[in-house]
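**Q** I'd like to ask you about the structure that follows.
What follows draws every value from the coordinates through simple rules; no lab data is involved. Just so it is clear, the structure is predicted and the values come from calculations on it, not from any experiment. Cβ: placed from backbone, ideal geometry, glycine included. Neighbour counts: every protein chain shown.
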Amino acid sequence: MARDRKPSLQRARFVAASVATLALGGTALAEVPASAAAKPKGHDVSSHQKNVNWSSAKSKGAKFVYVKATESHTYRNPYYNQQYNGARGAGIVRGAYHFALPHKSSGTTQAAYFVRNGGGWRADGWTLPPALDIEYNPYGKKKCYGLSKTRMVSWIKAFSNEVKRQTGRRPVIYTNYNWWKMCTGNSAAFAANHPLWLARYSSTAGSLPSGWNFWTFWQYDNGGSLPGDQNLFNGSLNQLRTFARGQ
């Protein structure tokens, strides 16, 4: 995932049943990005991308973007306003994500900080649900941040519950299959009502975490024609807008 500091070597719905069906769209789970050209193309950015040229991104095919808002309970992306509001001004569906550091503070604390600093949501068709980026620890050797599998699952639940309480929506979960398996025990606790944003830099999406039958977003590369990481949405543009509205 595009982050603001030390890079990582390994980065890696249903809001309702109807949205799950829309997002699946009858497509295969594993697809070659080049063969999925009809799917809405998007990206994610952080302060690494600084002030983004949004008209250029739009001209290159960007339909959606996730913008890093916060990390832990103390950091806010200094370029957030230019990125988040600029994307909307260019006619790109956008949302905000939080980079989790579960060893720093509780899931509830980090979710509240996220929502206060850009992680909100409204049903306007232009705002994607808040997203939780939870993956390999980029700052140390403890890949799971020193948390047991049980504690990690509890941390994610606390984060999700606070986001839902404050915004009305469950967060999208961004993760990597191998990290999820190692650090949550491949928990299926979130699949029923959290959209999956899968990180796998390959020609196929590969294995999915337990419980999820399809990905909603797939981050398939960390560089390409759009600023930041490259993503696809598993549906049509109309379905993307419907997903954004929460219908």
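**Q** Take the Cα coordinates of the chain, assign each an equal point scatterer, and use the Debye formula without solvent to give log10 I(q)/I(0) at q = 0.13, 0.15 Å⁻¹.
**A** -0.70, -0.98
**Q** How many lysine pairs does segment 94-247 hold where the Cα atoms are under 22 Å apart and the two sit 8 or more places apart or on different chains?
**A** Lysine pair count for segment 94-247: 16.
**Q** Here is a follow-up. Mind ranking 53-63, 161-171 by how tightly packed they are, going by the mean number of other C-beta atoms within 10 angstrom, highest first?
**A** Order by mean packing, descending: 161-171, 53-63.
**Q** Moving to a separate point now. Can you work out the Karplus-derived ³J(HN,Hα) for every residue in segment 80-97? Use 6.51 cos²θ - 1.76 cosθ + 1.60 with θ = phi - 60°, whole Hz, and x for glycine or proline.
**A** 4, 4, 4, 6, 5, 6, x, 4, 4, x, 8, x, 10, 5, 9, x, 10, 10
**Q** Go through segment 140-149 residue by residue and turn each phi into a ³J(HN,Hα) via Karplus (6.51, -1.76, 1.60, θ = phi - 60°); whole Hz please, and just put x for glycine and proline.
**A** x, 7, 7, 4, 9, 6, x, 8, 6, 4
**Q** Hey, got the Cα dimensions of segment 103-217 along the principal axes, in Å, largest first?
**A** Principal extents (Cα only, largest first): 34, 33, 24 Å.
**Q** Report the gain in length on full extension from residue 165 to residue 56: 0.36 nm times residue separation, minus Cα-Cα distance, nm rounded to one decimal.
**A** 35.6 nm
**Q** Using helices alone, what [θ] at 222 nm do you get for the chain, with -39,500 (n - 2.57) per DSSP H run of 4 or more residues, divided over all residues and rounded to the nearest 500?
**A** Roughly -8500 deg cm²/dmol at 222 nm, from the helical runs in the chain.
**Q** Here's something else I'd like to know. Leaving out same-chain residues fewer than 8 places away, which lysines sit with a Cα under 19 Å from that of residue 63?
**A** Cα-Cα hits under 19 Å: 39, 41.
**Q** Ranked from highest to lowest mean number of other Cβ atoms within 10 Å per residue, what is the order of the peptides 111-118, 66-73, 201-208, 219-226?
**A** Result, highest mean first: 66-73, 111-118, 219-226, 201-208.
**Q** In addition: Treating the beta-carbon of each Lys and Arg as +1 and of each Asp and Glu as -1, no other charges, what is the dipole magnitude of segment 91-247 about its Cα centre, to the nearest 20 debye?
**A** Computed charge dipole of segment 91-247: roughly 480 debye.
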